[in-house]
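The values are calculated or read from the model by the stated rules, or taken from the named source; none is laboratory data. What you are looking at is a predicted structure, and each value in this text was computed from that prediction instead of being measured. Here the Cβ is made from the backbone with ideal geometry for all residues, glycine too, and neighbour counts use every protein chain on show.
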Amino acid sequence: MLDARNYTIGWICAVDREFVAARAFLSKTHEGPIYLGIHDKNEYALGEMAGHNIVITVLPKDKYGICQATVAAASMVYSFPNVRIGLMVGIGGGVPSAKNDIRLGDVVVGVPQGSHSGVLQYDLGKIVQGEAFETRSHLNKAPRLLRSAVQKLEARYHFDGVHLVDAVEKAAQKIEDGDYYRRPPITSDRLFLSSFTHPSSKPSLPCSQVCKGTSHLQVRRARSGRQGDPFVHYGLIASGNQLVKDAVFRDKLAAAENILCFETEAAGLVDSFPCIVIRGICDYSDTHKNDEWQGFAAMVAAAYAADLLREVPPTTTTRELQIREVLNTSRHPQIESASRRVRSF
């Protein structure tokens with residue numbers, strides 16, 4: 001096992017399938033850790049990716065949301081004090097619109113737009129019928145090092161093409177239940193009209209049984225490029241404590257802020273845990289839940305993160321502040337509370 005101070009990249013997942021996907025992209029795995037902070041309850045996987053020593057953790061089962069992500073991050077950086085930059089990688093609900101042709105299996109990367117950092121905390125805003133959505137949260141930007149890497153990777157994708165499906169297929173071979181993490185059939189990607197909801201009397205039955213027919217589907221054009229290749233979108237990610245399953249609210253917030261996806265952890269991190277948020281799209285933030293795409297969405301997000309780290313020379317990470325130092329100087333209430341709970345040195 002390497003010394004805990006050898007790890008400079010912190011990778012946070014919300015659920016087990018994201019944790020499995022992240023581990024599948026490690027080029028080397030390391031044993032350990034042997035010693036953790038006395039209040040650190042995180043589960044870790046250690047290894048190497050793109051020349052970086054990486055520590056990966058996952059939130060406790062059935063413990064989701066902004067505060068849980070904050071506690072996990074604070075625990076990580078006290079057990080691994082040299083972590084300099086972070087990644088929040090996993091699944092999210094897409095926000096398709098006329099402007100943004102977002103589909104299942106696509107990737108959304110949180111980057112600054114207007115006055116927002118790349119992540120907007122939607123449950124600190126205000127919705128009034130007949131009025132525009134009023135936001136009340138302006139969260140910190142991802143580290144410049146990662147934002148520059150996003151730009152370099154975007155240019156590489158334009159030149160060489162996006163080959164994330166190939167990377168997912170290779171990584172899935174390492175996983176015993178690899179089929180769950182491979183791309184589902186394109187025919188299972190169905191976008192319903194916002195006004196059409198899943199029958200409330202049959203919440204446990206899949207849409208394939210109770211939402212049949214095409215009259216309730218939105219018509220979408222065939223995509224250019226290789227069939228099945230994900231698109232990568234750059235812009236705002238909406239984060240909050242409540243899972244969004246409301247297409248009308250989704251569309252209203254999209255119109256107001258040009259949101260690309262929803263998720264439930266990142267807003268607790270980005271103010272004081274310097275990280276970039278990467279989401280694979282597994283559903284459309286509506287009542288039509290689609291578990292079939294969760295494994296692939298987790299994998300394609302991890303594949304993008306692995307590509308991103310290839311644009312970050314390992315020697316440059318040490319120029320960033322230790323995240324532990326950032327936490328110690330934080331004025332964010334959730335971070336201060338989490339830091340007090342896990343501080344062990």
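Of all residues in the stretch 29-40, count the ones that are surrounded by fewer than 17 Cβ atoms within 10 Å (Cβ to Cβ) and either of a type outside the set (Phe, Trp, Tyr) or assigned to a strand (DSSP E or B) (or both).
Our first condition is that a residue be surrounded by fewer than 17 Cβ atoms within 10 Å (Cβ to Cβ); within the stretch 29-40, this holds for 29, 31-32, 34-35, 38-39.
Going one step further and asking which of them are either of a type outside the set (Phe, Trp, Tyr) or assigned to a strand (DSSP E or B) (or both), we end up with 29, 31-32, 34, 38-39.
Going through the stretch 29-40 one residue at a time, the tally reaches 6.
Which of the residues belonging to the stretch 175-202 are modelled with pLDDT under 85 and of a type outside the set (Phe, Trp, Tyr)? If you could, list the steps in order and put the result at the bottom.
Here is the first cut: in the stretch 175-202, the ones modelled with pLDDT under 85 are 190-202.
Result: ARG190, LEU191, LEU193, SER194, SER195, THR197, HIS198, PRO199, SER200, SER201, LYS202.
Would you say LEU260 is crowded, with 19+ Cβ neighbours inside 10 Å and modelled with pLDDT of 90 or more? Walk me through it before giving the result.
On the way: crowded, with 19+ Cβ neighbours inside 10 Å: yes; modelled with pLDDT of 90 or more: yes.
The answer is yes for LEU260.
Condition (residue is of a type in the set (Ser, Thr, Tyr), touching a Pro at 6+ places or on another chain (Cβ under 9 Å), in a helix (DSSP H, G or I) and modelled with pLDDT of 90 or more) applied to the stretch 41-59: is it met by at least one residue?
Residues of the stretch 41-59 of a type in the set (Ser, Thr, Tyr): 44, 57.
With the extra rule that they be touching a Pro at 6+ places or on another chain (Cβ under 9 Å), the set shrinks to 44.
Among the residues that remain, those that are also in a helix (DSSP H, G or I) are: none.
Scanning the stretch 41-59 turns up no residue that is of a type in the set (Ser, Thr, Tyr), touching a Pro at 6+ places or on another chain (Cβ under 9 Å), in a helix (DSSP H, G or I) and modelled with pLDDT of 90 or more.
Tell me which of these GLN129 doesn't satisfy, since it passes every other one: (1) out of contact with any His (no Cβ under 9 Å at 6 or more places or on another chain); (2) modelled with pLDDT under 95; (3) not in a loop (DSSP other than H, G, I, E, B).
It fails just one condition, (3).
Of all residues in the stretch 289-322, how many are surrounded by fewer than 20 Cβ atoms within 10 Å (Cβ to Cβ) and either of a type in the set (A, V, I, L, M, F, W, C) or outside any helix (DSSP H, G or I) (or both)?
7
Just one of (1) over 21 Å from the mean Cα position of the chain (by Cα); (2) exposed (fewer than 14 other Cβ atoms within 10 Å of the Cβ) trips up LEU2, so point out which.
Exception for LEU2: condition (2).
Kindly list the number of the only condition in (1) without any contact (Cβ under 8 Å) to a residue 40 or more places away in the chain; (2) within 19 Å of the chain's Cα centre (by Cα) that fails for GLU31.
(2)
If I filter the stretch 8-21 for residues that are surrounded by fewer than 17 Cβ atoms within 10 Å (Cβ to Cβ), at pLDDT below 95, of a type outside the set (Gly, Ala, Ser) and farther than 17 Å from THR317 by Cβ, do I get at least one hit?
First, the residues of the stretch 8-21 that are surrounded by fewer than 17 Cβ atoms within 10 Å (Cβ to Cβ): 16.
If we keep only those that are at pLDDT below 95 as well, we get none.
Within the stretch 8-21, none of the residues are surrounded by fewer than 17 Cβ atoms within 10 Å (Cβ to Cβ), at pLDDT below 95, of a type outside the set (Gly, Ala, Ser) and farther than 17 Å from THR317 by Cβ.
Restricting to the stretch 60-86, name every residue that is of a type outside the set (Asp, Glu) and not in a helix (DSSP H, G or I). Before you say what the answer is, go through the steps one by one.
Going through the stretch 60-86, the residues of a type outside the set (Asp, Glu) turn out to be 60-61, 63-86.
PRO60, LYS61, LYS63, TYR64, GLY65, PHE80, PRO81, ASN82, VAL83, ARG84, ILE85, GLY86 - these are the residues of the stretch 60-86 that are of a type outside the set (Asp, Glu) and not in a helix (DSSP H, G or I).
For the stretch 72-123, give me each residue that is without any contact (Cβ under 8 Å) to a residue 40 or more places away in the chain and over 18 Å from the mean Cα position of the chain (by Cα).
We begin by selecting, within the stretch 72-123, every residue without any contact (Cβ under 8 Å) to a residue 40 or more places away in the chain; these are 98, 112, 114-115.
The answer is ALA98, GLY114, SER115.
Condition first: assigned to a loop (DSSP other than H, G, I, E, B) and within 21 Å of LEU217 (Cβ to Cβ). Now tell me which residues in the stretch 237-288 satisfy that. Outline the logic, then answer.
Taking the stretch 237-288 and keeping what is assigned to a loop (DSSP other than H, G, I, E, B), we get 240-246, 258, 264-265, 269-274, 284-288.
Listed by number, the residues that qualify are VAL244, LYS245, ASP246, TYR284, SER285, ASP286, THR287, HIS288.
Take the stretch 266-297 and flag every residue that is at pLDDT 85 or above and of a type in the set (S, T, N, Q).
SER285, GLN294
Specify the residue that is farthest from ALA72 (Cα to Cα); the eligible residues are those in the stretch 34-50 that are under 23 Å from the mean Cα position of the chain (by Cα) and without any contact (Cβ under 8 Å) to a residue 40 or more places away in the chain.
GLU48
If you scan the stretch 168-188, which residues turn out to be in contact (Cβ under 8 Å) with a residue 40 or more places away in the chain and either among the β-branched types (Val, Ile, Thr) or part of a loop (DSSP other than H, G, I, E, B) (or both)?
Answer for the stretch 168-188, where residues must be in contact (Cβ under 8 Å) with a residue 40 or more places away in the chain and either among the β-branched types (Val, Ile, Thr) or part of a loop (DSSP other than H, G, I, E, B) (or both): VAL168, LYS174, ILE175, ARG182, ARG183, PRO184, ILE186.
Which members of the stretch 12-28 meet the condition of being part of a strand (DSSP E or B) and touching a residue at least 24 places away in the same chain (Cβ under 8 Å)?
First pass over the stretch 12-28, keeping only residues part of a strand (DSSP E or B): 12-13, 28.
Listed by number, the residues that qualify are ILE12, CYS13.
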